[in-house]
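Scroll down for the structure; my scribbles are underneath it.
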Amino acid sequence: MNGTDSSTGTSTRSPHVVVVGGGIAGLAAAHRLTGTGVRVTLLEATDRLGGKLEAGEIAGAPVDFGAESLLARRPEAVALAREVGLGDRLQPPSTATASLWNRGALTPLPKGHVMGVPGDPAVLGGVLSAAGLARIEEDRSLPRTEVGDDIAIGAYIAARLGREVVDRLVEPLLGGVYAGDVYRTSLRAAVPALFEAAQQHDSLLEGVREIQARAAAQQQTGPVFLGIDGGIGTLPGAVADAVRARGGEIRTETPVLALTRADGQWTVRTDTGSIQADGVVLAAPAWSASALLADVSPAAAAELQQVEYASMALVTLAFARKDVEDVLPDGSGFLVPPVDGHTIKASTFSSRKWGWVSERSPDLFVLRTSVGRYGEEEHLHRDDADLVDVSLKDLGAATGLAARPVETRVTRWVGGLPQYPVGHLARVARVREAVARVPGLRVCGAAYDGVGIPACVGSGQRAADALAEEILVMPTLVEGTAGGTGQ
């Protein structure tokens, strides 16, 4: 996209943007930028694209070893999947029912709640004790709980409805999203609808009922979640192919060592040389972004250094279907309240949840467990065999499963999920304010706008849009080929 401006006689070139990080946020940013006429180079430190999205096989069955579904009620990820040719492979779960392993028994996961908070306490009759149900009723007469600029989810809900609601339902539901501690997690950042309700209503139950009424009035139809035939982990590869087809360059095993800016240009230093760029989208984890921003934006670097992460492991188990199918309960799996002291925090019955797993491996039954949450990193130091054994022990206690798997795989996501403590959104605002003072720079990813796939896609797309608007306002005028890639 080089040429000559006839009015000035100078050579023109398309602006060049380097995207640092090949997770789904960075890929979404690169894909968006290639549609603006910007020249794009994406650099990924590891040998694989996709971050926490990874598809593979176990005993010949296609599975996800990372995130396995995306929220369909948010448009960004679904739209991206369709744009890169995966629209006909989007599939809803085969079953949406799940259980709760609560006080030693599997009970149906209650419906009619907002992230564990009920509009009608009666829906929790099979989960809470009589004392717990009675405590919920106090919400109607308690004085207003002030939430200020932010408050921890657990603290607020326990103040209104009692700790049992938090420990038995809110914690296992949100734990699956953030792998965090709800007594630290920001209500405003993680469940903004509940934060808004807490600001507007004295009673939390009244606020939840209003949220439910609004949702009913919108008459949203269709599945809440979607998967992709072959695994959500196939999305990064499809996006990468689309980026390359549009002329973008993608380099794996290319860690970025430093970022510097001088004379209106960025220099991105890697272990194989330096790349000149007009703009940079930093789609790396907070700790990596902090190190790279230390010189160009010390204020942003200091804030990002404070972002904590939780680590977890996924234990994927493949069984002979005949050995397990009649033993496991109906539904897509179960959640586990941490208060009961078990090691696993959830189990997903992949062969029940996703039709494509069952169809391609009819003689197998694949399930997986998750282990580890914020503050429980010691589980990640166990060897693979130990994590498999503890998963089988808990599965046996919950369901009666006694069969041995024909194949296993343990996937560790060290530093996998950024934590959103009270004040997280204020920290993100300070980071972006500091970054905005540096020309040609944007940040995106799970550390900022949400950890779900649509949130990460949207974060990358917004960063790309903002940067493209900035650097395309005044076309780059250069002599010769200055500003290109150099080694």
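Quick notes
- Of the residues making up the stretch 337-355, at least one is farther than 27 Å from Gly104 by Cβ and either touching a strand residue (DSSP E or B) at 6+ places or on another chain (Cβ under 9 Å) or not aliphatic (A, V, I, L, M) (or both).
- In summary, Ala98 fulfils each of the numbered conditions (1) open to solvent by 70 Å² or more (accessible area, probe 1.4 Å); (2) touching a Phe, Trp or Tyr at 6+ places or on another chain (Cβ under 9 Å); (3) more than 12 Å from Ile232 (Cα to Cα) with the single exception of condition (1).
Each row is one residue, and each column tells you yes or no for (1) touching a Gly at 6+ places or on another chain (Cβ under 6 Å); (2) surrounded by fewer than 20 Cβ atoms within 10 Å (Cβ to Cβ).
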position: Gly175; (1), (2): no, no
position: Ala197; (1), (2): yes, no
position: Glu206; (1), (2): no, yes
position: Ala215; (1), (2): no, yes
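- Hey, Leu187 open to solvent by less than 20 Å² (accessible area, probe 1.4 Å), farther than 23 Å from Ile344 by Cα, in contact (Cβ under 8 Å) with a residue 12 or more places away in the chain and of a type outside the set (D, E, K, R) or not: yes
Matching residues to (1) closer than 23 Å to Gly176 by Cβ; (2) open to solvent by 30 Å² or more (accessible area, probe 1.4 Å); (3) among the hydroxyl-bearing types (Ser, Thr, Tyr):
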site	(1), (2), (3)
Ser361	no, no, yes
Lys393	yes, yes, no
Ala397	yes, yes, no
His424	yes, no, no
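- In the stretch 109-119, residue nearest to His342 (Cα to Cα) [restricted to those that are open to solvent by 10 Å² or more (accessible area, probe 1.4 Å) and without any contact (Cβ under 8 Å) to a residue 60 or more places away in the chain]: Pro110
- Residue check, Lys52 in a loop (DSSP other than H, G, I, E, B) and free of Cβ contacts under 8 Å to residues at least 40 places away in the same chain: no
- Residue pairs meeting the criteria (Cβ under 6 Å; at least 6 apart or on separate chains; first touching a residue at least 24 places away in the same chain (Cβ under 8 Å) and outside any loop (DSSP other than H, G, I, E, B), in the stretch 66-84; second of a type outside the set (A, V, I, L, M) and open to solvent by 10 Å² or more (accessible area, probe 1.4 Å)): Leu71/Gly452
- Taking the numbered list (1) in a helix (DSSP H, G or I); (2) at pLDDT 95 or above; (3) open to solvent by 10 Å² or more (accessible area, probe 1.4 Å) in turn, Ala122 passes all entries but (2).
Okay, residues lined up against (1) farther than 24 Å from His381 by Cα; (2) in contact with a Phe, Trp or Tyr (Cβ under 8 Å, 6 or more places away or on another chain):
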{"position": "Ala277", "(1), (2)": "yes, yes"}
{"position": "Ser290", "(1), (2)": "yes, no"}
{"position": "Val296", "(1), (2)": "yes, no"}
{"position": "Ala302", "(1), (2)": "yes, no"}
{"position": "Tyr309", "(1), (2)": "no, yes"}
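- Total residues in the stretch 267-287, condition touching a helix residue (DSSP H, G or I) at 6+ places or on another chain (Cβ under 9 Å) and open to solvent by 40 Å² or more (accessible area, probe 1.4 Å): 2
- The stretch 285-307 residues that are closer than 17 Å to Leu257 by Cα, paired with ones that are open to solvent by less than 40 Å² (accessible area, probe 1.4 Å) and outside any helix (DSSP H, G or I) (beta carbon under 6 Å, 6 or more apart): Ala286/Val307; Ala289/Leu282; Leu292/Leu259; Val296/Leu259; Val296/Val438; Ser297/Val438
The values are calculated or read from the model by the stated rules, or taken from the named source; none is laboratory data. Keep in mind it's a predicted model, so treat the numbers as computed, not measured. No Cβ is skipped: glycine too gets one built from the backbone with ideal geometry, and neighbour counts run over all protein chains shown. Ligands, DNA and RNA are excluded from the accessible area calculation, which covers all protein heavy atoms including side chains. Shrake-Rupley method; radii C 1.70, N 1.55, O 1.52, S 1.80 Å.
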